[in-house]
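A short reminder: the numbers here are calculations on the coordinates, not readings from a lab. Bear in mind the structure is a predicted one, so any value in this text is a computation, not a measurement. Cβ: placed from backbone, ideal geometry, glycine included. Neighbour counts: every protein chain shown.
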Amino acid sequence: MFEPQETPRVFGLPSGVDFPQALVDGLLERFKGQPPEALARVELLVNTQRMARRLRAMFEAGPARLLPRIRLLTDLQTLAPSVVIPQGVPGLRRRLELIGLISALLEKSPDLASRASLYDLADSLAGLIDEMQGEGVTPDAISELDVTDQSGHWERAKVFLGIVQSYLDLTEAKPDNEARQRARVMGIAALWAENPPAHPIIIAGSTGSRGTTMLLMQAVAKLPQGALVLPGFDFDLPRPVWAALDDPLISEDHPQYRFYHLMKGLGESPNTVKPWHDTPPPSALRNQLVSLSLRPAPVTDAWRIEGPKLTNLEEATKDMTLVLAETPRAEALAIALRLRKAAEDGQTAALITPDRMLGRRVTSALSRWDILPDDSAGTPLQLSPPGRFLRHIAALLSRRLDAEGLLTLLKHPLTHSGDDRNLHQLYTQRCELAIRRHGLPYPEPEAFKAICEKAAPDDEGMQHWADWAAEALMGHQDHQTYPLSHWVDLHLKIANDVAAGTSGNTEHELWQQKAGMEARRVMQELEAEAGYGTDLTAADYVDLVGALLAAGEVRDRDAPHPDIMIWGTLEARVQGADLVILGGLNDGTWPEAPPPDPWLNRKMRNDAGLLLPERRVGLAAHDYQQAVCAKEVWITRSIRSEDAETVPSRWVNRLGNLMGGLPNQGGVTAWKAMIKNGDYWLDQARALEAVERTPNAPRPSPRPPLAARPRSLSVTQIKTLIRDPYAIYARHSLRLRPLNPLVQSPDAPLRGTVTHAVMEQFVKSVIANPDNLSRAHLLNVAQEVLQELVPWPAARTIWLAKLARVADWFILAEAERLAVANPIAFENEARGTLDLADIGFSITGVADRVDRNENGEVQIYDYKTGNPPTEKQQQLFDKQLLIEAAMIEQGAFKNVGTAPVSKATFIGLGNPPKEIDAPLSEEPPHVILANLRKLLTAYLEPDQGFTSRRIVEKIKFDGDYDHLARYGEWDDSDPTTPEDLT
């Protein structure tokens, strides 16, 4: 295939060409006139499975011929079968063993790091070990680094790096995949040095960014029939610029540095690289422009010398578009619109971006046209239904189950996916409504079964379901330390039980489809390697499972649109498309900011022979250079992120600055034209999302038919009728009830309920035994009630402290109250109904406490945990006690009888505590009843509307029915709009 030569054989293809197509064209051209079996002898090594598939598809498209043997760079077993390497250690096993070592270290020295970072530390150390073995760096090279001028951080890092030394010494006979791959490559290189293969071996598409790959590429390049085909090689780079790339500390972020490093290792100059095929780039002028814009920082003065030599920049950039979107959403929508047009026109189009969030936004925007792009990154396993399900199940082991967690699992599509899923959904809906109505902050088996019985008392099927749910989901929290295998077995058992449902059907949906199969693979690998793990707490196990699921990916390449793709930068290096969109070109996204290295700084890495952080930037720059030279190119970025202004990518800045400095060559005009092209699509996106403004809703004042108006209200609802009549209409006419929040919290209403219970029990105990009138007894009663009714430890402590603060005041005041009257009825007994027969209305009321003195007069008390209403507020709005007094004098309370009311008092238990008497003298019962009849009669008139927020106390969104009245589209100063309803 190749003519003999003394020097290594290295070819390149310029940026912008369709690399797989040009690779095949060059290969077929070299085999013209040769027998058919000659091509079948070729070993073609590529770096991605996607490229291998495309190459096979191109060969299979015809005409009929024998295919070369296409392999991945990581699949070298058949390249030299005589090179035998010991069986490797799975990566998960290494991490589990490191977790054991780090856990033991943290037990001895807990100040070194938090146990919450156990897996992250193990993963980081395992990554360092992989890199050391891939680059051929020994632990001795790390330990011998000169750190005399380093900070104290190095002392902590050395402790963990000592684990690396110990671990590699203990596992020397059991290499991992990186060590095996390097050993295999070195064995293959040694074998070929003595007995080189006669058939052609070609490595295509790799940049040699890792040490092991570089060794293999150097070995292949030196073979008699070996060759390298480099992607995106810059043939426009002058010799002095190549020479300026010699220092990695200042040049490794250049897109062509890896090629310089490769050729230097081969003892050759990059200028000796020859074109693999005569396929021209889409725009040679653009290649020159981009090459100049990316010159290394030390030689950017070349812009002034070589810039004026660039010609016809408008021609070079005529197929380029620059989208400067205001927000990430606008950027994603503009990209989606262009991809939709490409799909309509039959173009192949690819969005290339390292920003996974941008990819998801574009995918979401494309869904409105039923276009599913072929996303090379797939979906993170942890975000798939099985991944979320397994994480929710794992959380049962470490956290107390609350109502939100319970309903989250019950509503999950994989829960009860074996049989009778429809009944499970029905029971779950009933259960949720019951929890919202009655409250169940932290479900326990018996309480959960009881609340399900309230939801459907006569449904035996639901009771059976409740038994299953209680057993499957509750009581799994455990703070003990157990072997990893215990947690894995328990986790899988609970997951299978919950997925199977009441029937126990093992053919449930958890492990089905590609996401389920990937989840099973991850869990089976963990189950197989669990014996190498250490003892863990449930929290440690949850962190471990979460990290493993986060590393998994789910791909479904058969379902998406065949011509619309979303690629990561690795796939973009060796793929081709009619339209290439470079998305998310902001600094920190592309190029991505190098992750912080907790172990070694740049200089130490360079001295040890490890990879520098700038390597990632250099690879990203190479990806950019290849993609931006494609036939039709979009460059997109958002000017603002969700919370701040962004900085353009350094490469976009360089390109803009270079073109801006070349007005005579048309640089400024061409740059503006690129932006104008982008503005057109941004305008299209705005037009797509433009909506016609509808008039604001008026302030409602509905007038329902008299038959639909309420005929009974409680005394506390009279205040609502005065302040917000619309709430009465919504509750009684429309019969709408606000749903309580699913997640209960220790709020003011609950505190009021608890306080009432404390005071009732305390006063009853004092009546039974006057010696109980003491601070200590009050707090003991409070503690018992809080323990029973309040499941939040923090709230119990705070509320008990608030009661303790007013206890002395309450004891003194209670002694005075008991000295003049005796309690005769409490909340459960002090219930009454007042029938206003003349207007066909009834009023119901519940008093917290009713006392009677020696003269037969009644005193009414109501407990308030906050500030009680003032006398003025009671006269105008809050008429609860005044109406209750009138009801008692009318004999509405059967357990109290008819009696004069001498006093009605709010007992405020806030800070400071106070008593506020109802203004009985200014508002005597007969006046209250007359005014009450007048108020109720007015709302029984056909022309009286139930105005929303008529006289609210505070201007804020706090009403249960404000959203129904569309408050916010109008405000409290707007006039009302009466509406007759039928």
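Note on GLN21/THR74: beta-carbon distance plugged into 1/(1 + (r/R0)^6) with R0 of 25 Å gives a FRET efficiency of 0.55.
Partners of LYS676 within straight-line reach, counting lysines whose Cα lies under 22 Å from its Cα and excluding those fewer than 8 residues away in the same chain: LYS318, LYS341, LYS631.
Please tell me the relative contact order of segment 381-554 in percent, rounded to the nearest whole number, where contacts are Cα pairs under 8 Å and at least six residues apart.
Reported as a whole number, the value is 36 percent.
Per DSSP helix of 4 or more residues, -39500 (n - 2.57); summed, then divided by the residues of the chain. What does that give at 222 nm, rounded to the nearest 500? Mind dumping the intermediate values first?
On the way: 38 runs with 464 residues, N = 982.
Estimated from H runs of four or more residues: -14500 deg cm²/dmol.
Restricting segment 1-48 to GluC sites (Glu not before Pro) that sit in a DSSP loop and have at most 15 other Cβ atoms within 10 Å of their own Cβ leaves GLU6. The angle between the Cα long axis of helix 284-293 and the longest principal axis of the Cα atoms of the chain comes to about 70 degrees, rounded to the nearest 10. Residues PHE906, PHE31, arranged from fewest to most other Cβ atoms within 10 angstrom of their Cβ, appear as PHE31, PHE906.
Calculate the FRET efficiency for THR797 and GLU915 from the Cβ-Cβ distance with a Förster distance of 30 Å, rounded to the nearest 0.05.
Working: r = 27 Å, r/R0 = 0.90.
The pair THR797/GLU915 has a calculated efficiency of 0.65.
Were the residues from ASP980 through SER364 laid out at 0.36 nm apart, the gain over their Cα-Cα distance would be 217.4 nm. Note on ALA539 and LYS672: their simple-model spin labels are 6.2 nm apart, each label 7 Å out from Cα toward Cβ. Backbone amide hydrogens, once placed in the peptide plane, bring ILE635 within less than 5 Å of THR321, LEU322, VAL323, LEU582, excluding anything fewer than 5 places away on its chain. Taking the C-alpha atoms only, the angle from helix 748-768 to the longest principal axis of the chain is near 40 degrees. Within the same chain, lysines fewer than 8 places from LYS872 are excluded, and of the rest, those with a Cα less than 23 Å from its Cα are LYS719, LYS864, LYS903, LYS914, LYS934, LYS954, LYS956.
Annotation for segment 406-478 versus segment 943-982: alpha-carbon center distance of 38 Å.
A crude spin-label estimate for the pair LEU736 and GLN477, with each label 7 Å from Cα along the Cβ direction, gives 3.6 nm.
Restricting to Cα atoms and excluding each atom paired with itself, what does the Kirkwood estimate give for segment 381-554 in Å? Can you show the working numbers first?
Values: mean 1/r = 0.0605 Å⁻¹.
By the Kirkwood definition, the hydrodynamic radius is 16.5 Å.
Of the GluC sites (Glu not before Pro) found in segment 470-577, the ones in coil according to DSSP and having at most 12 other Cβ atoms within 10 Å of their Cβ are GLU507.
With neighbour counts taken as other beta-carbon atoms within 10 Å, the residues LYS954, LYS603 rank, fewest first, as LYS954, LYS603. Only lysines eight or more places from LYS603 in sequence, or on another chain, were considered; those with a Cα closer than 17 Å are LYS158.
Counting other Cβ atoms within 10 Å of each Cβ, which GluC sites (Glu not before Pro) in segment 831-885 have at most 10 and sit in a DSSP loop? Write out the running numbers ahead of the final one.
Numbers: sites: GLU854, GLU857, GLU871, GLU884; in loops: GLU854, GLU857.
Here the GluC sites (Glu not before Pro) that fit, given the DSSP loop and packing criteria, are GLU854.
Applying 1/(1 + (r/R0)^6) with r as the Cβ-Cβ distance of LEU940 and LYS318 and R0 = 56 angstrom yields a FRET efficiency of 0.10. Close amide H pairs (under 5 Å, H built 1.01 Å from N) link THR977 with ARG699, SER701, residues at least 5 positions away or on another chain. Per-residue Karplus couplings for segment 659-669, computed as 6.51 cos²θ - 1.76 cosθ + 1.60 with θ equal to phi - 60°, are listed in order as 5, x, x, 10, x, 5, 8, x, x, 5, 5 Hz, Gly and Pro entered as x. For LYS914, the shell of other residues with beta-carbons less than 14 Å away shows a net charge of -2, using +1 for Lys and Arg and -1 for Asp and Glu.
Sorting 493-500, 305-312, 328-335, 59-66 by average packing, meaning the other beta carbons within 10 Å per residue, from highest down gives 328-335, 493-500, 305-312, 59-66.
Mind sorting SER503, SER291 by how few other Cβ atoms lie within 10 Å of their own Cβ, fewest first?
Values: SER503 12, SER291 22.
Taking fewest neighbouring Cβ atoms as first place, the list is SER503, SER291.
Using C-alpha pairs below 8 Å separated by at least 6 residues, the relative contact order for the chain is 14 percent.
How tilted is helix 513-529 with respect to the longest principal axis of the chain? Cα atoms for both, answer in degrees (0 to 90, nearest 10). For 513-529 against the chain, the angle is about 80 degrees. Extension gain for GLU107-PHE877 works out to 270.8 nm (0.36 nm per residue, less the C-alpha to C-alpha distance).
What is the local net charge at ALA189, summed over the other residues whose Cβ is closer than 11 Å to its Cβ (Lys, Arg +1; Asp, Glu -1)?
Values: positive: ARG182, ARG184, LYS222; negative: GLU194.
That sum, taken over residues with Cβ under 11 Å, equals +2.
Charged neighbours of GLN429, selected by a Cβ distance under 14 Å, balance to +3 (K, R count +1; D, E count -1).
The distance from the alpha carbon centre of segment 179-209 to that of segment 523-555 is 35 Å, rounded to a whole number. Restricting the calculation to Cα atoms, the chain shows an Rg/Rh of 1.10 when the hydrodynamic-style radius is the Kirkwood one.
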